[in-house]
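> My questions all concern the structure below.
The values are calculated or read from the model by the stated rules, or taken from the named source; none is laboratory data. Please read all numbers here as calculations on a predicted model, not as lab measurements. Positions of Cβ are backbone-derived with ideal geometry, glycine not excepted, and every protein chain shown enters the neighbour counts.
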Amino acid sequence: MTPDLSPVRLLLVTLAGWINRQQQEVIEYLVEENRVLIEQLRGRRVRLTDDQRRRLAARGHRLGRRVLRQVATIVTPDTMLRWHQRLIARKWTFGPKRPGRPGIMKEISALIVPMATDNPGWGSRIQGALKNLEHRVARSTVAKVLRDHGIPPASGRPSSWRTFLRAHWGVIAGADFFTTEVWTPRGLMTYYTLFVLDLASRRVQVLGSTPNPDAGFMAQAARRLTDAADGFLAGHQVLICDRDGKWTEEFRGLLDEAGVRIVLTPVQAPNANAHAERFVRSIREECLDQLILFGERHLIRAVDEFVAHYHRERNHQGLGNRLIAAGSGPLVGTHIRCHERLGGLLRYYHRAA
């Protein structure tokens, strides 16, 4: 005989009614809390992110317009449903199709620009160079790419410093000064350090530091550079200098007699002597800016230690992370040693022999 389930049903109905009332009270509290928050933000516009709009639209669509009118407080039901429609449209709407082959044109443009800048005399030859790379383009296409990038035709395109340096690689050097503030018995003084750098090997020679780079100092530097036995500029034909007045007539004359031609950089164009500028940045950031220098001897020692570190222990990205003056061969050992200069300011790690 089937037992009477009316008490069980009554219990379930009572429990369901209690749960519904509990949920309704929670909803009413949350709605009222939102209204209080909106009143606190009275006069301010609530800015929602795309993700927040998406979440509200997904929830609001399930409730429908009638329920939303009762519970929505931040935005109107019409706005929330409009967000939902945009989500649907975005899902099924694809971006506009562009004519042509934009990927290929982008690749061709990336080839034309460096060809023109690296080869100032190339005009129609760019079309032939692209043909070698299996890109058949019209001359008008090449002209349009150059025009869009502000590159003039070959007849009006000046030679770049990059082309000049590569054409003279191995016989060209750069010279420059860098300044350092040094404490002396007379107070804080500015010292000028003259150096010359070989562009191909990145070797550097420091010719001296002085608070007064006068004609005598410059003449002595020129004699050292052009010495027949061990002058740094032996085998060089070009020296890049800026337009500073420190490069005296006597200095230029001595270099000219030795067969070294001085090329002056354009006005306010430090990149024309970029390798020398990079050395100045390195010695300042890695050494001189980290020290308080007391006296000329302290400056000379710091510069000498950095130059030794620069040649023998510092890897150079422009040389494929190699050392300028590498040892006779790799040292094999189980222990790694650290060689320090200037109290640990400069360090070099190597394996013990």
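> Pairs, please: C-beta under 6 Å, at least 6 apart or cross-chain, first residue in the same structural domain as residue 240 (by TED's automatic domain parsing) and of a type in the set (Asp, Glu) and in segment 185-199, second part of a strand (DSSP E or B) and crowded, with 20+ Cβ neighbours inside 10 Å?
Filtered contacts from segment 185-199: 198/173.
> Hey, residue 152 hits all of (1) on the phi > 0 side of the Ramachandran plot; (2) at pLDDT 75 or above but one; which does it fall short on?
(1)
> Return yes or no: is residue 147 out of contact with any Asp or Glu (no Cβ under 7 Å at 6 or more places or on another chain), at pLDDT 80 or above and closer than 30 Å to residue 271 by Cα?
yes
> Can you confirm whether segment 320-335 contains a residue that is exposed (fewer than 11 other Cβ atoms within 10 Å of the Cβ) and at pLDDT 90 or above?
Scanning segment 320-335, I find no residue that is exposed (fewer than 11 other Cβ atoms within 10 Å of the Cβ) and at pLDDT 90 or above, so the answer is no.
> May I pose another question? Restricting the first residue to segment 25-39 and requiring it to be at pLDDT 70 or above, which pairs with a second residue that is loosely packed, with under 11 Cβ neighbours inside 10 Å and of a type in the set (Ser, Thr, Tyr) meet a Cβ separation below 7 Å and a spacing of at least six or different chains?
none
> What do you reckon, is residue 204 under 19 Å from residue 303 (Cα atoms) and either assigned by TED's automatic domain parsing to the domain that holds residue 274 or not basic (Lys, Arg) (or both)?
yes
> Within segment 229-250, can one find any residue that is in the same structural domain as residue 301 (by TED's automatic domain parsing), closer than 21 Å to residue 304 by Cβ, surrounded by 16 or more Cβ atoms within 10 Å (Cβ to Cβ) and not aliphatic (A, V, I, L, M)?
yes
> Let me confirm something: among 229, 219, which residue is among the hydrophobic types (A, V, I, L, M, F, W, C) and part of a loop (DSSP other than H, G, I, E, B)?
Criteria check complete, one pass: 229.
> Can you tell me which residue among 223, 202 is free of Cβ contacts under 8 Å to residues at least 60 places away in the same chain, within 18 Å of residue 173 (Cβ to Cβ) and in contact with a Leu (Cβ under 8 Å, 6 or more places away or on another chain)? Working first, answer last.
Details: 202 fails: free of Cβ contacts under 8 Å to residues at least 60 places away in the same chain.
Result of the check over 223, 202: 223.
> So which of 315, 273, 321 ends up being more than 22 Å from residue 206 (Cβ to Cβ) and under 25 Å from the mean Cα position of the chain (by Cα)?
Values: 315 fails: more than 22 Å from residue 206 (Cβ to Cβ); 273 fails: more than 22 Å from residue 206 (Cβ to Cβ).
Going through 315, 273, 321 in turn, just one is more than 22 Å from residue 206 (Cβ to Cβ) and under 25 Å from the mean Cα position of the chain (by Cα): 321.
> Which number in (1) touching a residue at least 40 places away in the same chain (Cβ under 8 Å); (2) assigned to a helix (DSSP H, G or I); (3) within 33 Å of the chain's Cα centre (by Cα) marks the one condition that residue 298 misses?
Exception for residue 298: condition (3).
> When you scan segment 335-351, do you find a residue that is without any contact (Cβ under 8 Å) to a residue 40 or more places away in the chain, part of a loop (DSSP other than H, G, I, E, B) and of a type outside the set (Ser, Thr, Tyr), even just one?
Yes, some residue in segment 335-351 is without any contact (Cβ under 8 Å) to a residue 40 or more places away in the chain, part of a loop (DSSP other than H, G, I, E, B) and of a type outside the set (Ser, Thr, Tyr).
> Looking at (1) assigned to a loop (DSSP other than H, G, I, E, B); (2) out of contact with any strand residue (DSSP E or B) (no Cβ under 8 Å at 6 or more places or on another chain), can you tell me which one residue 278 breaks?
(1)
> Has segment 247-254 got at least one residue that is among the β-branched types (Val, Ile, Thr), in a loop (DSSP other than H, G, I, E, B) and touching a residue at least 12 places away in the same chain (Cβ under 8 Å)? Working first, answer last.
First pass over segment 247-254, keeping only residues among the β-branched types (Val, Ile, Thr): 248.
Pick out the ones that are also in a loop (DSSP other than H, G, I, E, B) and you get 248.
Narrowing the set further to residues that are touching a residue at least 12 places away in the same chain (Cβ under 8 Å) leaves 248.
The answer is yes, given that some residue of segment 247-254 is among the β-branched types (Val, Ile, Thr), in a loop (DSSP other than H, G, I, E, B) and touching a residue at least 12 places away in the same chain (Cβ under 8 Å).
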